Each structure stands twice: as structure tokens, then as C-alpha cells.
Amino acid sequence: PFDGIDANCDGRDGDPLPGDAIYVSKTSGRSTNPGTKTAPVDTISLGVSLADQQGATFVVVERGTYPENVRIVDGLQVYGGYAPG
């Protein structure tokens, strides 16, 4: 995923495998959510923390402004600017 190639012609640059990404959404995220595509968390910091705990490789962030300081964990990749859905 996220290699710059839309291999299946769906208009997106791949999708992480289940369990390999934590999703963050300013509009639909909740701090009590597990960070899945359908139940994202609400902050990047929480996304990074969950990814670190669960061994995920990616944090996928919905476009928007997140007024927080974020400390990235080694080996974790954060991608932003994505639209819900």
C-alpha cells in the first residue's frame, strides 16, 4: 500500500491489510474506538499509540487540522489527507 500505484484502478493508492493500519478521523473518530476504517480514533497521537501497541505499520489520517503535538514511533508511517470512506 501507499507505493504510488493504483493497482486495482479504484482511484486510491492501495489499502493496508487488516490490522496493519490505524485510522484517524476528526469528523467521525472517537477516543473509545479501536482505530479501524469503520471506527476510527479521533487524534493522531492516539492513532500512533494504538499502532505502536498493536504492531501496525501505518496510521491513516483523514484530512483536516489536528491541534496536537505528535511523537512518531520508529518504523511507523503516517499518511494524511484522506477523505472519509
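Observations, loosely collected:
- Scanning region 27-38 for residues that are closer than 11 Å to Pro84 by Cα and not charged (D, E, K, R) gives Thr27, Ser28, Gly29, Thr38.
- Val41 being at pLDDT 95 or above and among the aliphatic types (A, V, I, L, M): yes
- Scope region 26-85; condition under 12 Å from the mean Cα position of the chain (by Cα), in a loop (DSSP other than H, G, I, E, B) and of a type in the set (Asp, Glu); matching residues: Asp42
- Test for Val78: is it open to solvent by 50 Å² or more (accessible area, probe 1.4 Å), touching a helix residue (DSSP H, G or I) at 6+ places or on another chain (Cβ under 8 Å) and either closer than 21 Å to Pro18 by Cβ or modelled with pLDDT of 95 or more (or both): yes
- Subset of region 14-32 (residues that are surrounded by 14 or more Cβ atoms within 10 Å (Cβ to Cβ) and closer than 17 Å to Glu68 by Cβ): Ile22, Tyr23, Val24, Ser25, Lys26, Gly29
- Identity of the residue in region 5-15, out of contact with any Lys or Arg (no Cβ under 9 Å at 6 or more places or on another chain) and closer than 23 Å to Gly55 by Cα, that ends up modelled with the lowest pLDDT: Gly14
- Residue within region 65-75 that is of a type in the set (Gly, Ala, Ser) and either open to solvent by less than 40 Å² (accessible area, probe 1.4 Å) or in contact with a Gly (Cβ under 9 Å, 6 or more places away or on another chain) (or both) present: no
The values are calculated or read from the model by the stated rules, or taken from the named source; none is laboratory data. In this text the structure is predicted, and so the values were computed from the model without any measurement. Virtual Cβ from ideal backbone geometry, glycine too; neighbours counted across all protein chains shown. When the accessible area is computed, the model is the full protein with side chains, heavy atoms only, and any ligands, DNA or RNA have been set aside. Shrake-Rupley method; radii C 1.70, N 1.55, O 1.52, S 1.80 Å.
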